[in-house]
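What follows draws every value from the coordinates through simple rules; no lab data is involved. Because the structure is predicted, anything quoted here is derived from the model rather than measured. Cβ placement follows ideal geometry from the backbone for every residue including glycine, while neighbour counts extend to all protein chains displayed.
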Amino acid sequence: MVADRYRLSFTVGGLLTRQGIDVARTFLDCGDWEQSRLIVLDGDRFGVRTLAAAKRIARETIKRLGALSETELRYLASSDTPIEDCDAIMWVAMCRYYELVGEFANEVLRDHYLLGLPSVTYADYDRFVLKKTVWHPELEELSESTAKKLRQNVFKAMFEAKLLEREGNIVVPSLLSREVTDILKNRPESFGFFPMSEYES
């Protein structure tokens, strides 16, 4: 049986925390995603060279933020929220929107932590994707360059979220703040995206 197709458009950015904070604040001010997109593009807030690149980043950021609850968006947008908490919220957004990333986080990153395996490597990712092709033939349709870009961005996001150390890809146990823990309890499956035991804080 073939499952629903994965979304496989996470070729832009990485974690996109700074962009996520900016767009979330804009959205909470105006209440409309399309208007938010136009505002951030008009202000050239992303610091990229071309309008086309800015449009891609804005589109990608908005897609991920759409996976968050209003409570999560407000916490992300708050000037009082520590950047580490913002990183955690943006990792949750990426994992929710992109099922492939969420499953990798749960089935590889978290499992390695629980099993005491010290690192997560490109080889681990490649084995995971190969296993998923049985139910998701769209993974086999990817060009080699696109597949590598997707893998690169997953690892970039994990590095930026401080879930892995850049030196040696060592798994870093997540110690989520009390605030993030309380927010995620509304959707407890979100704890599975982190190298931690559930409700560990």
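Results, tabulated for the structure shown:
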{"item": "Net dipole in debye of the range 1-152 [+1 Lys, Arg Cβ; -1 Asp, Glu Cβ; about Cα centre; nearest 20]", "result": "400 debye"}
{"item": "DSSP loop chymotrypsin sites (Phe, Trp or Tyr not before Pro) with at most 14 other Cβ within 10 Å: longest gap in the chain", "result": "1-134"}
{"item": "Candidates per trypsin sites (Lys or Arg not before Pro) in the range 39-94, loop by DSSP, up to 16 other Cβ within 10 Å", "result": "Arg49"}
{"item": "Label-to-label distance, nm, for residues given as Leu142 and Ala53 (7 Å Cα→Cβ offset)", "result": "2.3 nm"}
{"item": "Label-point separation, Val134 to Glu70 (7 Å along Cα→Cβ), nm", "result": "4.3 nm"}
{"item": "Inter-probe distance in nm under a simple model that places probes 7 Å from Cα toward Cβ, at Ile170 and Lys185", "result": "3.3 nm"}
{"item": "Pairwise FRET efficiency - Glu84 versus Arg127, Cβ, R0 = 35 Å, nearest 0.05", "result": "0.70"}
{"item": "Whole-number D in µm² s⁻¹ for the chain, Kirkwood Cα-pair radius fed into Stokes-Einstein, 4 °C, 1.567 mPa s", "result": "74 µm²/s"}
{"item": "Equivalent ellipsoid dimensions for the range 62-140 as semi-axes, Å, which come from the Cα gyration tensor, largest first", "result": "28, 17, 8"}
{"item": "Vicinal HN-Hα couplings computed from phi for the range 180-196 (Karplus, 6.51 cos²θ - 1.76 cosθ + 1.60; Hz; Gly/Pro x)", "result": "5, 4, 5, 5, 6, 4, 5, 9, x, 5, 5, 5, x, 7, 10, x, 6"}
